[in-house]
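One structure is given here, and the rest of the page talks about it.
Rule-based calculations on the coordinates, nothing more; no lab input. This one's a predicted model, so the numbers in the text were calculated from it and none came from an experiment. We place every Cβ from the backbone using ideal geometry, glycine too, and count neighbours over all the protein chains shown.
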Amino acid sequence: MRRYETIFIIDNDLSEEERSPIFEKLKDLIQQHNGLQVMVDEWGTKRLAYEIKKKVRGYYVCLNYCGSGTLVNEIERFFRIDDRVLKYMTVLLDKDVDIENVKEEIAKAEEANADQIDTPDVDPTDEPDAESKTSDKQENETTLPENNVEGA
């Protein structure tokens, strides 16, 4: 089995509900062809390098999966048919993949994501009170020396 990465750009005008059928169809295609979906990384809306179908912005997605050449052909056929997909590109990452190692990688990634969700990045109790904010502001202000010009 081989490991692939397909990066595709979806029409930016689509809502979350309108994008989800595309992801469901990809998931179904991967299952039908005995593949393994490793990761779907939604990069979000970005400006396109050049205009595509009169669009200047697109929604970027990176799909990482394992499968055969027929799976890649089916995914790319789906992209050619669907007008919501502006562009796509598939890259072969590895010719011979050990599925067990990939499943372990998926489990570790899911575990890491669960840890990030549980742990807040900023502690709300660390916010300074109003007095310290004003004193910090006063410390940061600089005063310019007065010009002592005689006869002006």
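For the range 41-70, the candidate set comprises residues that are of a type in the set (Gly, Ala, Ser) and free of Cβ contacts under 8 Å to residues at least 60 places away in the same chain; within that set, the residue that is nearest to ASP13 (Cα to Cα) is GLY58. Among the residues making up the range 42-95, those that are in a strand (DSSP E or B) and among the aromatic types (Phe, Trp, Tyr) are TRP43, TYR50, TYR59, TYR60, TYR65, TYR88.
The condition of being under 30 Å from ALA107 (Cβ atoms) and aliphatic (A, V, I, L, M) holds for only one of ILE52, ILE30, that being ILE30. Taken over the range 1-27, the criterion of being hydrophobic (A, V, I, L, M, F, W, C) and closer than 23 Å to ILE106 by Cβ is satisfied by MET1, ILE7, PHE8, ILE22, PHE23, LEU26. Residue pairs whose Cβ atoms lie under 9 Å apart, separated by 6 or more positions or on different chains, with the first residue in the range 90-103 and on the phi < 0 side of the Ramachandran plot and the second surrounded by 14 or more Cβ atoms within 10 Å (Cβ to Cβ) and part of a loop (DSSP other than H, G, I, E, B), are ASP96/MET1; VAL97/MET1; ASP98/MET1; ILE99/MET1; VAL102/MET1.
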